[in-house]
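Peer 1: What follows is a structure written as structure tokens; I'll ask about it next.
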Amino acid sequence: MSEKKISRREFLKGGAAIAASTAILGLSGCAQQQTQAPAAETPAPAPAATPVKGIYTPGTFSASATGMGNVVVKATFDANSITNIELDVSEETEGIGQAAKDELIKQALAKQSAEIDGVSGATITTSAVKMALASCIAQAKGEVITAGATKAVVESTSSMVLTDITAEDINASAVILEPITDFAETVDVDVAVCGAGAAGVIAAVRAAELGAKVALLQKEAVPVSQGNASSCIIKSESTEGGIKKWLTFATAVNAWRNNRKLLEAYVDRSEEAIKYVCEWGGLTEATEWKNEESGMTKYQDTSTVYTGIWRDATQTYDMGDDKVSVFIPWFGPKPKNYGTLVTYILDKAQAKFGDKLQSFFSTPVVQLVKDGSKIVGCVGQRADGKFIKFNAKSVILATGAYENNQTMVRRFCPDTYHFDKKVVNRTGDGNILAIEAGGVMEPVAHSHIMHDFDAGLMWDEPPFLMVNMNGERFVSEEVDMAYVNNVLRWQPRFKGENLDPEHKDTGSLGWYCQIYDSDYMSYATGPVPEVVMKRYFKEGPAEDHVSVFPELIDTFQADTIEELAKKMGIPADATAASLKRYNEMCDKGFDADFGKDPKYLHKIEKAPFWGTRRHIRCSSITAGVLSDEYGRVTTEEGEVIKGLYAVGNLGGQFYGAPDYPFFHPGLSIGHAVTFGYIAGEHAAKNR
């Protein structure tokens, strides 16, 4: 059968129609395994009695749904009850979803329905179990879903942008479409901020500072934000012509696809926003960029002035005599990051503002509250499964992107589908809610950040040798690490460490190895002393692993190339052959395979040899729903959806090219902080 398509209006009604068809929402592999009950001895007939038909068809039925991984439910029925439930949660998070198995079975048998309370902390697994069990119940009632009709779709009304929401998307998210009417509590605020990352925390703090009463909802138990670098434009130190040229170049490296008004807002407000973060974080010149209380420092500063010839890995631009000054502080050091910083800021703000700023952790936003087309609040779901209604004049969605929602990834950002992800729980909640409210996804292809700064240092080194996981050279080493993911799409998969659940059997894309020798200090373009490099030495002592994420380091040393290859998990013979050919071409001064610039051809021959096994993963999909320069969600035609904002990676279209442009370090966090600051201020002032 073809997909079942319904109109936006019909789909978004929710209500009884959706509740009745729960079995088709996000379910796959619905298979009936019906076993007829054995015949019983026939009693003597009772003429006056009328046979009563049971609720269910006796037998065993199964269905699956997506939690953190695939969740399978097998339910056995007699005529009027569920008699047994088998639950496979082996792909769920160990100690969380897997640990909830027995309790979920117990609740379902006690309730005799899919409407269970669930297990605290295992919300995603609980949701998947409820959906799959609901399908089993529907099948037992005779409401069997036929293959090929397992997807409900909101039809897109435009050829330019997508408004499609599939049932699989919803099932993988925290969103609940059917109307929620039973609330454990109701909270009245001016602004509800959903998501406690770099954008959400700053939005909440700024709104509270301006006198608004704020509720901050967070899916996890703590604030979460990745990365260490942020950035801003210092307008007072830039020329007017330089600003205009920066805007043009920033648009050019994004394939001329971004919204210039958003870039202009970043230029106008980013200095103010980053200064705000520094002051709240206790990281300023007055404190010598150190905060003893949080343990955070400005451990690196890559601030620069763009002038003259300006290069990205894909384009070159001439600024002439104009200039743009950029402040790029790196806060940490690792493993501390922006999550540490915004946690400290939130704690300080709550101590200062008291009840004006309340946090609700382990409480994902699951639904928006509307008055006609206006957003007047939202609903959060507590860890115990009960709901909190937040009446608000504005809702700021800052829930992050959708890189952990595989069905959304396949449609909107397929380049990342077979790569592992660096984050968890980014399931497109805000995207789905904004679209459900009338917003639209920005045009594809969506920008994505793909890199590996954690396995080892010297990630962009043309003089090094790069081989795939078969030990074969596959590209000119002049390619930047930020763009190598495009080449790796055609290279072998690998079953290494830190694999996503969906790749544990097949392996993932994104793996390659850099090889260099002990003479690297004489030819590397950005040499790092061995004493520093050994922080990333996987086999080194734990006390050497300073300012790193120990679980991600992947640099090795060996006396022979064959031994090095073995440590990196790649074929020794093929690696040795690749190195031999590479050295021969270095002797000739001509790269006959990939045409690398001769100035980068340096033989790798002096033992001991070094190698870094790179694992390129998706840090974030930097694309979301269309929004304006204040962070307000808009329709495709630019009409503002009253009361609704989307910021951080949920707000678009700030970028536009398939690959996030690395021409300007710290732009991702700088963008998130700036628009969180703008939206929080705008919502507070217009409450």
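Read-outs: derived from the displayed coordinates by stated rules, not from any lab. Quick caveat, the model's predicted, so the values are computed rather than measured. Here Cβ is always computed from backbone atoms with ideal geometry, including for glycine, and neighbour counts include all displayed protein chains.
Peer 1: Can you grab the distance from the C-alpha centre of the stretch 504-559 to the C-alpha centre of the stretch 76-124, Å, no decimals?
Peer 2: After rounding, the separation between the Cα centres reads 44 Å.
Peer 1: More than 12 Å apart: what percent of Cα pairs in the stretch 350-401 qualify? Could the numbers behind the result be given before it?
Peer 2: On the way: 914 of 1326 pairs.
Pairs farther apart than 12 Å: 69 percent.
Peer 1: Express in % the proportion of alpha carbon pairs of the stretch 221-378 at distances exceeding 19 Å. Kindly include the intermediate steps, with their values, before the conclusion.
Peer 2: Values: 8189 of 12403 pairs.
Cα-Cα pairs in the stretch 221-378 separated by more than 19 Å: 66 percent.
Peer 1: Here is a further query. Out of all DSSP beta bridges in the chain, what portion is antiparallel? Express it as a percent rounded to 5.
Peer 2: Bridges in the chain are about 70 percent antiparallel.
Peer 1: To the nearest 20 debye, what is the magnitude of the charge dipole of the chain about its Cα centre, counting +1 on the Cβ of each Lys and Arg and -1 on the Cβ of each Asp and Glu?
Peer 2: Dipole magnitude for the chain comes out near 1460 debye.
Peer 1: While we're looking at this one, here's another question. What is the distance in Å between the Cα centres of the stretch 568-621 and the stretch 244-265?
Peer 2: The stretch 568-621 and the stretch 244-265 have Cα centres separated by 36 Å.
Peer 1: Would you work out the relative contact order for the chain, in percent, from Cα pairs under 8 angstrom that are 6 or more residues apart?
Peer 2: Details: 1599 pairs, mean separation 112.4, N = 687.
Relative contact order, the chain: 16 percent.
Peer 1: Turning to a different aspect of this structure: With a 10 Å Cβ neighbour count serving as the proxy for reagent exposure, in which order, fewest first, do 601, 465, 104, 133 appear? Could you put the intermediate results ahead of the total?
Peer 2: Numbers: 601 20, 465 23, 104 26, 133 30.
Ranked by crowding around the Cβ, least crowded first: 601, 465, 104, 133.
Peer 1: Mind jotting down a quarter of the surface of the convex hull over the alpha carbons of the chain, in square nanometres, one decimal?
Peer 2: For the chain, averaging the hull's shadow over all directions gives 35.4 nm².
Peer 1: What is the diffusion coefficient of the stretch 478-603 in µm²/s, taking the Kirkwood radius over Cα pairs and the Stokes-Einstein relation at 37 °C with a viscosity of 0.692 mPa s?
Peer 2: Numbers: Rh = 16.7 Å.
In µm²/s, the coefficient is 196.
Peer 1: Shifting gears a bit: Got a sec? How would 375, 309, 85 order by Cβ neighbour count within 10 Å, fewest to most?
Peer 2: If I rank by nearby Cβ atoms, fewest first, I get 309, 85, 375.
Peer 1: Right, another one. Per the helix-only calculation at 222 nm, which mean residue ellipticity applies to the chain, given -39500 (n - 2.57) for every DSSP H run of n ≥ 4 and division by its residues, nearest 500 deg cm²/dmol?
Peer 2: Value at 222 nm, helices only: -7500 deg cm²/dmol.
Peer 1: Work out, step by step, the length gained on full extension between residue 318 and residue 236: first 0.36 nm times the residue separation, then minus their alpha carbon distance; give nm to one decimal.
Peer 2: Working it through step by step, the gained length comes to 27.4 nm.
Peer 1: When a footprinting reagent is the concern and you count Cβ atoms within 10 Å, what order do 522, 173 take, fewest first?
Peer 2: Taking fewest neighbouring Cβ atoms as first place, the list is 522, 173.
Peer 1: Another question, then. Could you state the angle between the C-alpha long axis of helix 198-209 and the longest principal axis of the C-alpha atoms of the chain, as a value from 0 to 90 degrees rounded to the nearest 10?
Peer 2: Taking the Cα atoms of the chain, the angle to 198-209 is about 80 degrees.
Peer 1: Put +1 on the Cβ of every Lys and Arg and -1 on every Asp and Glu Cβ in the stretch 453-615; which of 458, 542, 474 then has its Cα farthest towards the positive end of the dipole?
Peer 2: Most positive-ward Cα: 474.
Peer 1: Something else now. Dipole magnitude of the stretch 453-615 about its Cα centre, charges +1 at Lys/Arg Cβ and -1 at Asp/Glu Cβ only, in debye to the nearest 20? Walk me through the numbers on the way to the answer.
Peer 2: Working: 19 positive and 29 negative charges, 51 e Å.
I would put it at about 240 debye.
Peer 1: Gap in Å between the Cα centre of the stretch 370-400 and the Cα centre of the stretch 457-481?
Peer 2: So the separation of the two Cα centres works out to 47 Å.
Peer 1: Exceeding 22 Å between C-alpha atoms, which entries from my cross-link table qualify? They are 298/334; 74/422; 213/261; 245/422.
Peer 2: 74/422; 213/261; 245/422
Peer 1: While we're here: Using a Förster radius of 51 Å, what is the FRET efficiency between residue 506 and residue 530 based on their Cβ-Cβ separation? Nearest 0.05, please.
Peer 2: FRET efficiency, residue 506 to residue 530: 0.90.
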